[in-house]
Amino acid sequence: MITLIIGGSGSGKSEFAENLAMNFGTKKYYIATMAVNDAESQKKVERHRNMRLNKKFETIEAERNLALVNIDEGTVLLECMSNLVANEVFGDGGGSENAYEAIIKGIDILNKKAENFIVVSNEVSCDGIIYDEETVKYIALLGRINGYLARLADEVIEVVYGIPIYHKRKEEK
């Protein structure tokens with residue numbers, strides 16, 4: 001089962017995703033994609049680590065190359081697609097020409113291995129701000145990947161002010 005959880009910055013999507021993962025009785029993996037480049041990103045990573053304390057996640061750092069992540073069956077929480085896309089496009093050794101294919105390959109591999117695959121992503125295309133060409137391409141790529149995930153997902157949940165809004169629900173059997 002794949003679940004896409006999307007929302008704006010500070011919307012509560014990370015906490016919601018972690019709590020959702022706790023509902024599954026399987027081994028839990030947390031794939032952390034944020035590259036720590038400054039004090040602000042370090043602070044965010046520490047906050048997320050503290051949120052995960054006592055939740056028994058095995059943390060896997062994967063700033064790029066999602067297809068190389070090795071997991072057994074279980075629940076996978078990928079946090080966060082927007083960071084992964086930025087790292088693939090703008091990071092050392094990255095390149096936007098192959099980013100889509102590399103990320104989709106990684107998604108498909110993890111989805112086949114995981115019993116439950118929860119992907120957290122940001123909604124970044126609704127602010128109405130005019131950006132430079134490189135940022136516009138990043139936003140378009142993230143939107144394309146989010147669209148792929150939404151079509152693939154059993155559930156699509158937008159978190160707004162900590163409140164989940166279900167855009168797509170898994171059919172009950």
Restricting to region 25-44, name every residue that is surrounded by 15 or more Cβ atoms within 10 Å (Cβ to Cβ) and not basic (Lys, Arg). Tyr29, Tyr30, Ile31, Ala32, Thr33, Met34, Ala35, Val36
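Give the residue, chosen from Val45, Val36, that is among the hydrophobic types (A, V, I, L, M, F, W, C), part of a helix (DSSP H, G or I) and over 15 Å from Val119 (Cα atoms). Let's see the steps before the verdict.
On the way: Val36 fails: part of a helix (DSSP H, G or I).
Within the list Val45, Val36, the selection yields Val45.
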All but one of (1) crowded, with 16+ Cβ neighbours inside 10 Å; (2) out of contact with any helix residue (DSSP H, G or I) (no Cβ under 7 Å at 6 or more places or on another chain) hold for Val89; state the number of the condition that does not hold. (2)
If Asn83 meets every condition in (1) closer than 17 Å to Tyr138 by Cβ; (2) in contact with a strand residue (DSSP E or B) (Cβ under 8 Å, 6 or more places away or on another chain); (3) polar (S, T, N, Q) apart from one, which number is that one? (2)
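Condition (residue is aliphatic (A, V, I, L, M) and surrounded by 21 or more Cβ atoms within 10 Å (Cβ to Cβ)) applied to region 136-143: is it met by at least one residue? Can you show your working first?
To start, the set of residues in region 136-143 that are aliphatic (A, V, I, L, M) comprises 136, 139-142.
Narrowing further to those that are surrounded by 21 or more Cβ atoms within 10 Å (Cβ to Cβ): 142.
Yes, that holds for at least one residue.
Read the figures in this text as sums done on the coordinates, not as results from a lab. As the structure is a prediction and not an experimental result, all values here were calculated from the model. Reconstructed Cβ throughout: ideal geometry from the backbone, glycine too, with neighbour counts over all protein chains shown.
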